[in-house]
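S.K.: Structure in structure tokens, see below.
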């Protein structure tokens, strides 16, 4: 199964709209009940876990982890594979495939998150996944956030600017 992540610059950026639009295509598959996955949001913890565990492995010279298992760079991708399996889990129940075989299903599994937190780790975790970063005008996002969630203008503007800087750093 192929995977596509939609990341919105912040809430109210249009991730629901784009997700629903893309899922109208017969070759796509939505995530189902979990409408926002936030898989990258806490990925710094996975990065720390990977670093500590890999460094422990490297202390055993006979293991020669880099040549016999994987490089430190590849290791995070294996953890990402587990997260992708988690995304596919609603389509497999008790070992029985509900909708095609996850491994051979030609459809594109689409998932979304209205946040770019953890963006710099995206391709380390998901090297084969597709990525769409959705950026909506900050003024529109702010106005929509104030009306929908009663947040302050200032906090929403600051959040948008921080997210925009995250995207710029990622480029």
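S.K.: Restricting the search to segment 123-171, which residues are part of a loop (DSSP other than H, G, I, E, B) and either farther than 23 Å from residue 80 by Cα or without any contact (Cβ under 8 Å) to a residue 12 or more places away in the chain (or both)? Before you say what the answer is, go through the steps one by one.
M.R.: Let us first name the residues in segment 123-171 that are part of a loop (DSSP other than H, G, I, E, B), namely 126-129, 135-137, 150-152, 171.
Across segment 123-171, the qualifying residues are 135, 136, 137, 150, 151, 152, 171.
Quick grid of which residues meet (1) closer than 18 Å to residue 14 by Cα; (2) at pLDDT 95 or above; (3) touching a strand residue (DSSP E or B) at 6+ places or on another chain (Cβ under 6 Å):
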{"site": "71", "(1), (2), (3)": "no, no, no"}
{"site": "76", "(1), (2), (3)": "no, no, no"}
{"site": "95", "(1), (2), (3)": "no, no, no"}
{"site": "105", "(1), (2), (3)": "no, no, no"}
{"site": "118", "(1), (2), (3)": "no, yes, no"}
{"site": "133", "(1), (2), (3)": "yes, yes, yes"}
{"site": "148", "(1), (2), (3)": "yes, no, no"}
{"site": "165", "(1), (2), (3)": "no, yes, no"}
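S.K.: Additional query: What helices (runs of 4 or more DSSP H) completely inside segment 1-69 contain at least 2 residues that are surrounded by 13 or more Cβ atoms within 10 Å (Cβ to Cβ) and without any contact (Cβ under 8 Å) to a residue 24 or more places away in the chain?
M.R.: Values: elements: 15-22, 43-58, 65-68.
The helices (runs of 4 or more DSSP H) meeting that bar are 43-58, 65-68.
S.K.: Another question, if that's okay. Does segment 122-135 hold any residues that are surrounded by fewer than 20 Cβ atoms within 10 Å (Cβ to Cβ) and either more than 19 Å from residue 19 (Cα to Cα) or touching a helix residue (DSSP H, G or I) at 6+ places or on another chain (Cβ under 8 Å) (or both), and which are they? Outline the logic, then answer.
M.R.: First pass over segment 122-135, keeping only residues surrounded by fewer than 20 Cβ atoms within 10 Å (Cβ to Cβ): 123-124, 127-135.
If the condition is that a residue be surrounded by fewer than 20 Cβ atoms within 10 Å (Cβ to Cβ) and either more than 19 Å from residue 19 (Cα to Cα) or touching a helix residue (DSSP H, G or I) at 6+ places or on another chain (Cβ under 8 Å) (or both), then 123, 124, 127, 128, 129, 131, 132, 133, 134, 135 are the ones that fit.
S.K.: Look at residue 112 and say whether it is under 26 Å from residue 11 (Cβ atoms), at pLDDT 90 or above and touching a strand residue (DSSP E or B) at 6+ places or on another chain (Cβ under 6 Å). Let's see the steps before the verdict.
M.R.: Numbers: under 26 Å from residue 11 (Cβ atoms): yes; at pLDDT 90 or above: yes; touching a strand residue (DSSP E or B) at 6+ places or on another chain (Cβ under 6 Å): yes.
Here the answer is yes, as residue 112 does meet what is asked.
The values are calculated or read from the model by the stated rules, or taken from the named source; none is laboratory data. Small disclaimer: the values here were computed from a predicted structure and weren't measured. Quick reminder, even Gly has a Cβ in these numbers, built from the backbone with ideal geometry, and neighbours come from all protein chains shown.
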